[in-house]
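Report on the following structure.
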Amino acid sequence: MTKRVIFAIVGWTILTIVFLLVPSSSTPRLIFAVLTALIVLIGILVTNRKPKFSETANKELDKTEPTSFPVDALFAATIDSMREGLLVVNRDMRVVASNPQAYRLFGATPRAINRQRLTELTRNPEIYKAYLDALRGVDRSVKVDTVGPERLVFELRVTPLPGQNGSGPSGALGVFVDITRTERLESVRQEFLSNVSHELRTPLTSILAFVETLETGALEDPESSRRFLSIIRKNASRMHGLVDELLELTAIEGGNVRLRAAEVELRPLVEESISSLAAKAEARGIRLVNEVREGTSVYADARRLERMLVNLVDNGIKFNKANGQVTVKHESGARDRIIVEDDGDGIPQHHLERLFERFYRVDRARSSDMGGTGLGLAIVKHLALLHGGEVTVVSELEKGTAFTIHLPHALDE
Ligand code: ADP
């Protein structure tokens with residue numbers, strides 16, 4: 001209750017009491033009392049009325065807003081902080097406004113960019129045509145590829161700027177949206193899908209062909225049947241392995257794999273990995289050597305580390321020559337280094353950069369012959385990253401290859 005209301009009520013009460021005390025007939029007294037009450041009530045309502053929203057807002061604005069609003073500064077800050085590149089040209093195709101993203105895009109300084117002709121800034125015909133169309137009054141959206149050390153892809157939208165008195169556009173405003181990352185992800189996705197389809201299609205075609213051969217008579221010949229069935233089994237297990245590895249890789253990449261890292265005795269772990277591949281190595285005449293010293297321990301998830309070692313030793317066997325050797329060693333330092341080296345084929349240098357990509361293979365036919373999926377090294381890479389480490393490779397043609405798993409010590413975490 002406001003002070004005014006309290007005063008009014010007290011005033012009305014006093015007046016009424018005074019009048020009731022004055023001797024007079026009851027009817028005028030009553031009329032007077034009611035009239036006084038009504039007047040006081042109207043007074044209260046008028047003085048107590050809430051101000052309209054617009055009145056409040058205006059008052060607030062009056063209190064807080066400076067007399068002239070710095071629109072220019074706000075506009076400049078907005079275009080400077082935009083993630084998109086902005087380039088405005090006038091009717092003569094000269095740049096009249098731009099922002100830092102545009103300087104980066106055209107590799108120019110602010111001083112160099114402004115007042116330049118668009119043709120001096122870029123020779124890209126798509127950009128030029130889009131601005132030209134906008135100056136003719138037509139909105140344009142185009143995809144622009146830049147050439148240079150870093151290939152960038154932009155979506156450019158150019159809009160005409162209205163001129164005065166219907167004299168046509170006074171200029172054109174173009175916004176460059178960087179879609180390089182989206183484009184890259186899309187192409188990786190497409191490549192991945194086509195790789196998976198291809199990998200699955202080859203064994204599947206083979207399975208169907210042999211089943212058909214069996215159906216059309218080969219079933220009667222027990223020896224052929226056995227041979228064909230073993231081929232069918234080999235292809236089916238290849239598909240099974242591929243799907244398993246894909247699921248594993250997807251889980252690791254999607255962050256759905258929790259590590260149970262602890263101090264792990266390395267020598268017995270290497271021994272286990274090696275013995276699971278002993279039969280394969282023997283069949284190819286490859287010697288497997290565990291050079292890790294007794295008592296060496298590393299900080300890792302034992303099961304995942306074994307997976308990495310098996311993948312690397314397996315490759316050392318597959319891409320080796322008869323009587324070759326695969327050795328596992330350990331070196332300590334700022335990080336633990338587990339080295340798997342072979343004296344096999346080696347890998348040409350220009351393949352090394354992409355070696356850990358999914359499905360990347362130096363010799364596709366050879367890898368398929370060996371039952372490879374092209375995912376083994378990608379799994380090693382992601383497991384190493386999950387440990388906070390990495391995997392690196394050095395290789396020399398005809399001499400051999402060495403993969404190193406670098407693992408941080410527990411205290412680094
Ligand atoms: P996969 O072995 O199933 O083909 P990986 O991802 O394990 O797939 O390996 C990718 C490719 O890297 C192999 O196809 C092979 O060309 C090459 N590679 C991997 N390890 C070795 C190695 N120790 N020696 C030579 N080439 C190798």
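The values are calculated or read from the model by the stated rules, or taken from the named source; none is laboratory data. Not measured: the values here are computed from a predicted model. Every residue, glycine as well, gets a Cβ built from its backbone with ideal geometry; the counts of neighbours run over all protein chains shown.
If you go through region 284-310 one residue at a time, how many are part of a loop (DSSP other than H, G, I, E, B) and within 30 Å of the chain's Cα centre (by Cα)?
1
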| query | Looking at this structure, is ASP92 in contact with a strand residue (DSSP E or B) (Cβ under 6 Å, 6 or more places away or on another chain), acidic (Asp, Glu) and within 17 Å of GLY171 (Cα to Cα)? | reply | no
| query | For ASN320, all conditions in the list (1) near the ligand (Cβ under 8 Å from one of its atoms); (2) surrounded by fewer than 17 Cβ atoms within 10 Å (Cβ to Cβ) hold save one; what is the number of the exception? | reply | (2)
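Quick check on region 191-232: of everything there that is part of a helix (DSSP H, G or I) and acidic (Asp, Glu), which residue is modelled with the highest pLDDT?
Of the residues in region 191-232, the ones part of a helix (DSSP H, G or I) are 191-215, 218-220, 222-232.
Within this subset, residues satisfying the condition of being acidic (Asp, Glu) are 191, 199, 212, 215, 220, 223.
Working: GLU191: 85, GLU199: 86, GLU212: 93, GLU215: 90, GLU220: 85, GLU223: 89.
Applying the filter and picking the extreme gives GLU212.
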| field | Where a residue in region 173-193 is under 14 Å from ASN99 (Cα atoms) and its partner, wherever it lies, is part of a helix (DSSP H, G or I), with Cβ under 6 Å and at least six apart | value | PHE176/LEU105
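Of everything in region 155-174, what is part of a strand (DSSP E or B) and either of a type in the set (D, E, K, R) or out of contact with any helix residue (DSSP H, G or I) (no Cβ under 7 Å at 6 or more places or on another chain) (or both)? Give them in sequence order. Write out each step before concluding.
Just the residues of region 155-174 that are part of a strand (DSSP E or B), to begin with: 155-161, 171-174.
Passing the criteria: GLU155, ARG157, LEU161, GLY171, LEU173.
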| request: Check region 223-238 and report whether any residue there is small (Gly, Ala, Ser) and within 16 Å of the ligand (Cβ to nearest atom). | output: yes
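Which residue is farthest from LEU259 (Cα to Cα), if the candidates are limited to region 388-412 and must be more than 9 Å from the ligand (Cβ to nearest atom) and touching a Phe, Trp or Tyr at 6+ places or on another chain (Cβ under 8 Å)?
Of all residues in region 388-412, those more than 9 Å from the ligand (Cβ to nearest atom) come to 388-392, 394, 396-399, 404-412.
So of that shortlist, the ones also touching a Phe, Trp or Tyr at 6+ places or on another chain (Cβ under 8 Å) come out as 391-392, 407-410.
Numbers: VAL391: 17, THR392: 21, LEU407: 13, PRO408: 14, HIS409: 15, ALA410: 13 Å.
Only one residue fits best here, namely THR392.
Take THR373 and tell me if it is surrounded by 16 or more Cβ atoms within 10 Å (Cβ to Cβ), out of contact with any strand residue (DSSP E or B) (no Cβ under 8 Å at 6 or more places or on another chain) and of a type in the set (S, T, N, Q).
Details: surrounded by 16 or more Cβ atoms within 10 Å (Cβ to Cβ): yes; out of contact with any strand residue (DSSP E or B) (no Cβ under 8 Å at 6 or more places or on another chain): yes; of a type in the set (S, T, N, Q): yes.
Taking the combined requirement at face value, the residue satisfies it.
Of all residues in region 356-399, count the ones that are free of Cβ contacts under 8 Å to residues at least 60 places away in the same chain and either on the phi > 0 side of the Ramachandran plot or of a type in the set (Lys, Arg) (or both). Break it down into steps so the answer makes sense when it comes.
Applying the first criterion (free of Cβ contacts under 8 Å to residues at least 60 places away in the same chain) to region 356-399 yields 356-357, 360-367, 369-370, 372, 381, 385, 388-390, 392-399.
Still in the running and either on the phi > 0 side of the Ramachandran plot or of a type in the set (Lys, Arg) (or both): 361, 364, 366, 381, 388, 398-399.
Residues that pass the stated criteria total 7.
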| request: Scan (1) under 20 Å from GLY241 (Cβ atoms); (2) modelled with pLDDT of 95 or more for the single condition TYR299 breaks and write down its number. | output: (1)
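Within region 311-333, is even one residue closer than 16 Å to TYR299 by Cβ, assigned to a strand (DSSP E or B) and either in contact (Cβ under 8 Å) with a residue 60 or more places away in the chain or assigned by TED's automatic domain parsing to the domain that holds SER237 (or both)?
Within region 311-333, one or more residues are closer than 16 Å to TYR299 by Cβ, assigned to a strand (DSSP E or B) and either in contact (Cβ under 8 Å) with a residue 60 or more places away in the chain or assigned by TED's automatic domain parsing to the domain that holds SER237 (or both).
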| task | Scan VAL188, VAL142 and give me the residue that is surrounded by 15 or more Cβ atoms within 10 Å (Cβ to Cβ) and under 33 Å from the mean Cα position of the chain (by Cα). | result | VAL142
| message | What's the total number of residues in region 331-370 that are more than 9 Å from the ligand (Cβ to nearest atom), among the charged types (D, E, K, R) and surrounded by fewer than 17 Cβ atoms within 10 Å (Cβ to Cβ)? | response | 4
